[in-house]
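The values are calculated or read from the model by the stated rules, or taken from the named source; none is laboratory data. If you're wondering where the values come from, they're calculated on a predicted model, not measured in any experiment. Here the Cβ positions follow ideal geometry from the backbone for every residue, glycine too, while neighbour counts run over all protein chains shown. Note: accessible area is taken over every heavy atom of the protein model, side chains too, but ligands, DNA and RNA are not part of it. Shrake-Rupley method; radii C 1.70, N 1.55, O 1.52, S 1.80 Å.
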Amino acid sequence: MTKVAIIGAGSHFGGKLSRDILSLPEFRDAHIALCDIDQERLTGAVDYVRGLIGKHGLPGAVSGSPDRRVALRGADFVVTSISAGGPAYQAYPANIEVNIPAKYGVEQSVADTIGVGGVFRFLRTAPIQLGICRDMEELCPRALLLNYTNPMCMLTWLHSEGSRIANIGLCHSVQNTISELSRYLEIPESEMTFLCAGINHQAWYLRLERTGRDLYPDLRALLGVPEAVAKDPVRFEMFKHFGYFVTESSTHCSEYHPYFRRTAELLAQYQLEKRVVSEELPRPHQWHDQEGGLTPSNEYAALIMQAVVTNKPYKFNGNVMNTGLITNLPAGCCVEVPCLVDRQGVQPCYVGNLPSQLAALNLSNIVVQELAVRAVLDRDRAAAFHACAMDPLTRSVCSLDQIRAMFDELWESEGDLLAYHK
């Protein structure tokens, strides 16, 4: 019986990934160990998974505990999807990591990747994620950690440098974007092939083909179709000027660059006036209505587990450390590249050089990530400030004195969540 521990099981991923796991023949008898510190969400998640097992007559088992060590003991795979300090995506103005920077002119949206919001989300999440790794080293040292928590690059970097646990960072932006490109081009997704690489939320479709034919001329033609561009204005603008289409939504993408959110006029031009995507995800008791069957999602996690158990290779895009995979990005940073996985574990694929302009865009985000990781591992508050000061959007609208004042206000507002720095 394979044991899968899901930490943060009350999140949307708890139900989705449990369903994915149980949909696969190899895991019909799996033990899914759920953990969440929110007892209501935990109870709802356990009830949902128990309902799936019962409805489909599966021999699997589900357990739940607010104590992660109970869930981790003897696990073969560990999934993390957690939020430290409250709901992951709080509405404005409750989200201090959005509304405090807004006072200084830094208009973020989701604030979970880089930027001032992303840096502080990482600072408050990092010690818990490292604690999970420490518990894994004791209780399930051979388990594979599959992390869905953001900020993905910073946390993958932290896991890899700060622990001995085998880990992979997972996101759905690559497969979601290829689905969107399929719709834009009116081509069946099953007929499209691609090579996508870069960093999380900023990976580039270096090749985009249909049965060997380059699809970029077709995509470029859409730049002259206003109604097509209006569906994804930021990403089409990036494509227009930099030559390649990028992962993640226009809302997300706009936060990572200095071109889109500096003024009210730019926000309106690119349809970005909505400050934060903050609708609360369905609570576990609502999953029954939305996810009653065993139809799998497009997430990679369960298929990665299946490849490890069966030794049948599976290809996916994952977040890993750069060991010469992308040769014009720094060694030891976190990159998102094609990977193969089987019983031997995750094997990232060599990509080589990115086009120079794409590498430069990635580097502007990587320097923020590296400084934030150093801030945690070295307990270095100055490095945390420097991470904020190097953010492309923040330094396009704020002076250094303003960034310092904003940083100090945010640090104070986080309270005990940053007490580990003392």
Neighbour cut-off at most 16 other Cβ (10 Å), DSSP loop, GluC sites (Glu not before Pro), region 162-247: 186
Listed residue (260, 123, 415) projecting farthest to the positive dipole end of the chain, Cβ model: 123
For each cysteine in the chain, check whether another cysteine's C-beta sits under 4.7 Å from its C-beta; list those where none does. 35, 133, 140, 171, 196, 253, 333, 339, 349, 388, 398
Along each principal axis of its Cα atoms, how long is the chain end to end? Whole angstroms, biggest number first, please. 57, 57, 42
Which lysines, if any, have their Cα less than 21 Å from the Cα of residue 422, not counting same-chain residues under 8 positions apart? none
Computed label-point distance, nm, for sites residue 399 and residue 315 using a 7 Å Cα→Cβ extension: 5.4
Whole-percent carbon and sulfur contribution to the accessible surface of the chain (1.4 Å, no ligands, DNA or RNA) stands at 52
The chain: relative contact order from alpha carbon pairs under 8 Å, six or more residues apart, as a whole percent, is 19
Which distance in Å, rounded to a whole number, links the C-alpha centroids of region 1-33 and region 224-250? 36
For a 23 Å ceiling on Cα separation, which of these pairs sit above it: 231/274; 16/231; 103/240; 3/55; 55/315? 16/231; 103/240; 55/315
Place a point 7 Å from the Cα of residue 350 in the direction of its beta carbon; the residues of region 294-324 whose amide N falls under 12 Å from it are 324
Estimated FRET transfer efficiency when R0 is 41 angstrom, pair residue 274-residue 142 (beta carbons, to 0.05): 0.40
Whenever you get a sec, line up 194, 13, 239 from highest to lowest accessible area (probe 1.4 Å, protein heavy atoms). 194, 13, 239
Which FRET efficiency, nearest 0.05, do residue 190 and residue 357 yield, Cβ-Cβ r, R0 30 Å? 0.45
Using heavy-atom solvent-accessible surface (probe 1.4 Å) with all chains present, what is the largest-first order of 172, 241? 241, 172
3J(HN,Hα) from dihedral phi, region 70-75, Karplus parametrisation 6.51/-1.76/1.60, rounded to Hz, x for glycine, proline: 5, 5, 6, 4, x, 5
Label model pair residue 294, residue 377: point-to-point distance (7 angstrom along the Cα→beta-carbon line) in nm is 4.3
Which peptide among 349-355, 415-421, 78-84 comes first, and what is the full order, when sorted by highest mean count of other Cβ atoms within 10 Å? 78-84, 349-355, 415-421
How much accessible area does residue 240 have with a 1.4 Å probe, in Å² rounded to the nearest 10? 120
Nearest-0.05 FRET efficiency for residue 50 and residue 172 at R0 = 30 Å, using Cβ-Cβ distance, is 0.70
Summed over the other residues with a beta carbon less than 10 angstrom from that of residue 76, with K and R at +1 and D and E at -1, the charge totals +2
On full extension of the chain, what length is gained from residue 179 through residue 37, given 0.36 nm per residue of separation minus the C-alpha to C-alpha distance? 47.7 nm
Could you give the nm distance between label points at residue 409 and residue 207, where each point is 7 Å from its Cα heading toward the beta carbon? 5.0
Suppose all protein chains stay in the model; what accessible area per residue would a 1.4 Å probe give for region 300-365, in Å²? 39
With runs of 4+ DSSP H residues as the only contributors, calculate the mean residue ellipticity of the chain at 222 nm using -39,500 (n - 2.57) per run, divided by the residue total and rounded to the nearest 500. -13500 deg cm²/dmol
